[in-house]
Structure formats: C-alpha cells, structure tokens
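**Student:** I'd like to ask some things about the structure below.
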Amino acid sequence: MKRFAILIGIVLLAVGINSCDNDDGVNFHFAALQVVAAEVPESFDLNGQYQITVTYNRPDDCTFFEGFDVVEEATTTRNVVVVGSVITDRECNEKLEEVEATFNFVVLHNQDYLFRFWQGEDENGDAQYLEIEVPIN
C-alpha cells in the first residue's frame, strides 16, 4: 500500500509540473536560412579539427541565428543547413543582410568529404545546394 501511495504521489507531481503555464508570450518557429557562401580548408588531415565559416542571408529583423543542422547523408557527405528562429508575433522589417557563422568539424574518415550547403528550393520545390568537395591529405 505504501508503494501505491508513493506511485500516486509521483504521478500527481508529474501532472502538476506538466500543467504549469510556461508561456512567456514569444511565438516563433524554426526556419532554414539560405546559404550564400562557405569557407572550407583546401584539404583535410585525418583526425584534424577545422572551423568552417558559412555566410547566410538574414531576411529580416525577426529572424535570428540558432545554429547548424549538419546531417551525415553518406560516410563523407554532409548536408549543412543554417537554422534560424523567426519571431511571429510582431511586425518585421525587411533587413536582407549577409551574416557569417562558424562550426567545428572533425575529420573521422580517410576519404574526400562533400559538403552540401542548403541554398533554398527551386520552382519545383527541390532543394538546391552549394557543393564543395574537400580532399584528404
């Protein structure tokens, strides 16, 4: 009976915590931001760590950089998307500006790497990429 009472207490506590109102009044969504250019080394060394600099478009003053989504498509192919948060509950001013951000990359394979930086979609909705291949020394 004691275990049952403890279990009920834990369930009630969990329900109470989950029902708290944490709305801070800011409404936003995440969006992929268009890559304009990328700076990668001319070559990589196995087990080396490198900074990759990406230039992307910030379309307005409601869009803010959140980070990178780097997805391994194949052993040495990486799809890179710049992720931004877009505030949706205020009026935004168009402010097309190019902004730089960097991420660190560690070389784990002894094969040439292909980076595919997301640049948007074409008129058919197909993703377009800036592709840069980096050889291994």
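**Student:** Compare HIS29, HIS109 by solvent-accessible area with a 1.4 Å probe and give them largest first, with all protein chains kept in place. Don't jump to the answer; show the numbers that get you there.
**Tutor:** On the way: HIS29 85, HIS109 60 Å².
If we order HIS29, HIS109 from most to least accessible, we get HIS29, HIS109.
**Student:** Rank these residues by their accessible area, most exposed first, probe 1.4 Å: GLU39, GLU97, GLU123.
**Tutor:** GLU123, GLU39, GLU97
**Student:** With θ taken as phi - 60° and the coefficients 6.51, -1.76 and 1.60, list the Karplus ³J(HN,Hα) couplings across the stretch 68-85 in order, rounded to whole Hz; mark glycine and proline as x.
**Tutor:** Whole-Hz 3J(HN,Hα) from phi for the stretch 68-85: 10, 10, 10, 10, 7, 7, 9, 3, 10, 10, 10, 8, 10, 10, 7, 9, x, 9.
**Student:** With all protein chains present, calculate the accessible area of ARG116 using a 1.4 Å probe and round the result to the nearest 10 Å².
**Tutor:** Its heavy atoms expose roughly 40 Å² to the probe.
**Student:** Taking K and R as +1 and D and E as -1, what net charge do the other residues with C-beta under 13 Å from the C-beta of PHE105 add up to?
**Tutor:** Numbers: positive: ARG78; negative: GLU39, ASP45, GLU72.
Here the charged neighbours net out to -2.
**Student:** Same structure again: Pull up all non-local amide H partners of TYR129: gap of 5 or more, or a different chain, and H-to-H distance under 5 Å with H placed in the peptide plane.
**Tutor:** GLN119
**Student:** Taking the simple approach of a point 7 Å from Cα along Cα-to-Cβ for both GLN111 and VAL99, what is their distance in nm?
**Tutor:** 3.5 nm
**Student:** What are the ³J(HN,Hα) couplings of the stretch 132-137, residue after residue, when phi is run through the Karplus curve with 6.51, -1.76, 1.60 and θ = phi - 60°? Round to Hz, x for glycine and proline.
**Tutor:** 10, 9, 10, x, 9, 6
**Student:** Show the residues, 5+ positions off or on another chain, whose built amide H is closer than 5 Å to the amide H of ALA38.
**Tutor:** THR55
**Student:** For the stretch 60-65, in order, what is each residue's ³J(HN,Hα) by Karplus, 6.51 cos²θ - 1.76 cosθ + 1.60 with θ = phi - 60°, in whole Hz (x at glycine and Pro)?
**Tutor:** Result, ordered by residue: 7, 7, 9, 10, 10, 5 Hz.
The values are calculated or read from the model by the stated rules, or taken from the named source; none is laboratory data. Owing to the predicted nature of the structure, the values given are computational and were not obtained by experimental measurement. Because the Cβ atoms are built from the backbone with ideal geometry, glycine has one as well, and the counts that use them run over all protein chains shown. Heads up: the accessible areas ignore ligands, DNA and RNA and are worked out on the full protein's heavy atoms, side chains in. Shrake-Rupley method; radii C 1.70, N 1.55, O 1.52, S 1.80 Å.
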